[in-house]
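All remarks here apply to the structure that follows.
The values are calculated or read from the model by the stated rules, or taken from the named source; none is laboratory data. As the structure is a prediction and not an experimental result, all values here were calculated from the model. Ideal geometry is used to build each Cβ from the backbone, glycine not excepted, and the neighbour counts take in all protein chains shown. Please note that ligands, DNA and RNA were not included when accessible areas were found on the heavy atoms of the full protein model with its side chains. Shrake-Rupley method; radii C 1.70, N 1.55, O 1.52, S 1.80 Å.
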Amino acid sequence: MNRHALSSMLVPVAALGSLTGCSMKPKDNKPEKKPNIIVIMTDDHTTQGISCYGSQLIQTPNLDRIANEGMRFDNCYVSNAISGPSRACILTGKMSHINGFTDNSQTFNGDQETFPKLLQKSGYQTAMIGKWHLNSDPQGFDFWSILLGQGEYYSPDFKENGKEIREKGYVTDIITDKAIKFIENRDTSKPFAMLYYHKAPHRNWMPAQRHLGIYNDITFPEPETLFDDYSTRGRAAKETMMEIANHMWNDWDLKIATPEELAGEYDDTRAADINKAEVARANQQSNGLQQLRAAYNRMTPEEKEVWNKAYAKRIEEFRTKEMKGKELISWKYQQYIRDYLATTLAVDENVGRLLDYLEQIGELDNTIIVYTSDQGFFLGEHGWFDKRFMYEECQRTPLMIRYPKAIKAGTVSKALSMNIDFAPTFLDFAGIEIPKEIQGRSLRPVLEHEGNIPENWRKAVYYHYYEYPSWHMVKRHYGIRTERYKLIHFYNDADYWELFDMQNDKNELNNVYGKPEYKKVQEDMTKLLYELQQEYKDTDPTEQTIQFFKGDDGANKH
Ligand code: SGN
Ligand code: CA
């Protein structure tokens, strides 16, 4: 009996791995290094803006590389489509009502268990770099450098291991510089796990200097539902405030402000106290021009000049053309998409830079590389920007994973997966026991079997959104999505259901709840929803579901 076989009889393999930083490879008994883990997360980057997902808008070769050399998940969903909550779900592997962070105004209880803490305890060197957005300081990281609040595109402020600093330059480049530096300076005797979380392409979509004006002469295709009038669904869609037509700010969002206008006075609360500024803005006590002035004045004089040139034609056009109705909506859509996509160019370049660096130091194939976003986003679908709804464009999030030791290159999975699955997946690959309180499932069986859906895999994903009344006024709702159907209940100051048959209605325009031909589907979906609410212990809505299920005669209240 050789030495490794003897020691593995005495100590469980996982425990041995955690002592040595190595796990055992059963075939030849050679100790194998534990994989490094890098989670690349962007903010509001939706699948419609990534070419490996079939985007009609842009090429993202470096992001595609992760999918081409690994696996693309076509059905990955978030449990609450908004930043802080999604981030908390990812860290804990638990739903919002369990981890306590239900909306962006909460403070994350950092004392609870998270996957970075478990990795750190088992011998990983851990880092958190970029947008954190959980209002309490990160725990479980050997190094952390987080953007203050939402973060700024130019000259952003960071809190780095407790100390506040302002960095020069463009946020996506700076975050990548910090990520590469962390890897360069790491303790090479340990595996590392790094959360590399971008601000881009979050509102207000300020591109890097080198990408300013890059799409000025390009006209992008419009989504089929750009002129949706919401007449076929309930109140929530109609009453929300995220229409390109009516709720996009000309200055802040569309950058319609001349250098002279931008030179005026502004309230710098945004920079000084981001949370206070968020509240003020949500209450409409701040205005878009002031916000843009604050962001613009973080630029150097040289940077401002490039900015001024890039937007001069747009400002002139807006002020001379006198556009109205659909023409104006189409015009605004073009400006929005140009800026949104331009911010993703820097993400793509920087992800490429990080991948090249890993390759150069020989760590690429030993690293699980994940690309995802905190949720999807509307790129003009239903006439909207922003997210929050349980509709496909934002409930779905991109997920690509590269790890050639376990994943066959170029594979695609249709498995219904969720952001609460990430934590158990990492723990699984790191040889750490998955705590039983974790509500997500390890994606390892999917990854190791070419994306096939394992037996007994989940039949539906659960969703619950809470942040109302607040920004964009999307009403509270919960629901489930199966491979074919989606059932949603809007509650709080609304009380009605939506059911979509996505096989016949991919744009979710036709609410079939209460239609006789969908009676059986409706019943099955409601039962499944009830079961999932039990499983996830989301008890408040369970009560409401029971009431509805009992008294349901097919009528849909409003
Ligand atoms: C900011 C944005 C909102 C956005 C929220 C939440 N306004 O408040 O448009 O919905 O963030 O986004 S802005 O004036 O600051 O641009 S999240 O991704 O962080 O949840
Ligand atoms: Ca977000």
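P(r) tail for the chain, what percent of Cα pairs lie past 47 Å? When every Cα pair of the chain is considered, 12 percent fall beyond 47 Å.
Using C-alpha pairs under 8 Å with a sequence gap of at least 6, the mean separation divided by the residue count of the chain gives a relative contact order of 22 percent.
Stokes-Einstein diffusion of the stretch 165-229 at 10 °C, 1.306 mPa s viscosity, Kirkwood radius from Cα pairs, rounded to a whole number: 102 µm²/s. Using θ = phi - 60° and the Karplus form 6.51 cos²θ - 1.76 cosθ + 1.60, what ³J(HN,Hα) does each residue of the stretch 145-162 get, whole Hz, x for Gly and Pro? Listing the rounded values in order: 9, 10, 5, 6, x, 6, x, 10, 6, 10, 6, x, 8, 10, 10, 10, 6, x Hz. Basic side chains Lys and Arg get +1 at the Cβ, acidic Asp and Glu get -1 at the Cβ, and with that the dipole of the chain about its Cα centre reaches some 1100 debye.
Packing here is the average count of other Cβ atoms within 10 Å per residue, and on that basis the peptides 447-454, 62-69, highest first, run 62-69, 447-454. In a reduced charge model with +1 at each Lys and Arg Cβ and -1 at each Asp and Glu Cβ, the stretch 462-548 shows a dipole moment near 180 debye about its Cα centre.
Shown in residue order for the stretch 439-452 are the 3J(HN,Hα) couplings computed by the Karplus curve 6.51 cos²θ - 1.76 cosθ + 1.60 at θ = phi - 60°: 9, x, 10, 5, 8, 4, x, 6, 5, 7, 10, 6, x, 4 Hz (x for Gly and Pro). Measure up LYS459/LYS527; LYS94/LYS475; LYS436/LYS537; LYS486/LYS519; LYS238/LYS515 against 18 Å on the Cα-Cα distance and list the ones that go over. As for pairs spanning more than 18 Å Cα to Cα, those are LYS94/LYS475; LYS238/LYS515.
Close amide H contacts of SER373 (hydrogens built in the peptide plane, cut-off under 5 Å, sequence separation of 5 or more or a different chain): THR42.
Think of the chain as having a plus end and a minus end, set by charges on the Cβ of Lys, Arg, Asp and Glu; of ASN104, TYR333, VAL39, VAL39 sits farthest toward the positive end of this dipole. Using the average count of surrounding beta-carbon atoms within 10 Å as a protection proxy, the listed peptides 362-368, 393-399, 313-319, 478-484 rank, highest first, as 393-399, 478-484, 362-368, 313-319.
Whenever you get a sec, compute what percent of the accessible area on the stretch 182-221 sits on carbon and sulfur atoms (1.4 Å probe). Solvent-exposed carbon and sulfur of the stretch 182-221 make up 47 percent of the total.
Solvent-accessible area assigned to carbon and sulfur over the stretch 282-402 amounts to 47 percent, based on a 1.4 Å probe. When the helices of the chain are scored as -39500 (n - 2.57) per DSSP H run of n ≥ 4 and the total is divided over every residue, the value at 222 nm lands at -10500 deg cm²/dmol.
Within the same chain, lysines fewer than 8 places from LYS181 are excluded, and of the rest, those with a Cα less than 19 Å from its Cα are LYS131, LYS159, LYS163, LYS168, LYS190, LYS199.
Rounded to the nearest 20 debye, the dipole size of the stretch 291-401 about its Cα centre is 840 debye, using +1 on the Cβ of Lys and Arg and -1 on the Cβ of Asp and Glu.
Near ASN507, no amide H atom lies under 5 Å from its own; only residues 5 or more places off or on other chains count, and H is placed 1.01 Å from N.
Expressed as a whole percent, the accessible area of the stretch 462-548 that falls on carbon and sulfur atoms is 49 (1.4 Å probe). Each listed q (0.23, 0.24 Å⁻¹) maps to a log10 I(q)/I(0) for the stretch 462-548, found by the Debye formula over equal Cα scatterers with no solvent: -1.21, -1.28. In the frame of its principal axes, the stretch 96-188 has Cα extents of 38, 36, 19 Å, reported largest first. Taking the average, over residues, of other Cβ atoms within 10 Å as the packing measure, peptides 178-186, 257-265 rank 178-186, 257-265 from highest down. Heavy atoms of the protein chains alone define the surface here; on that basis the stretch 462-548 has 42 Å² accessible area per residue at 1.4 Å probe size.
Between amide H atoms placed 1.01 Å from N, distances below 5 Å from MET418 occur with TYR77, all of them 5 or more places distant or on a separate chain. Shown in residue order for the stretch 172-189 are the 3J(HN,Hα) couplings computed by the Karplus curve 6.51 cos²θ - 1.76 cosθ + 1.60 at θ = phi - 60°: 5, 5, 5, 4, 5, 4, 5, 5, 5, 5, 4, 5, 4, 8, 5, 7, 5, 7 Hz (x for Gly and Pro).
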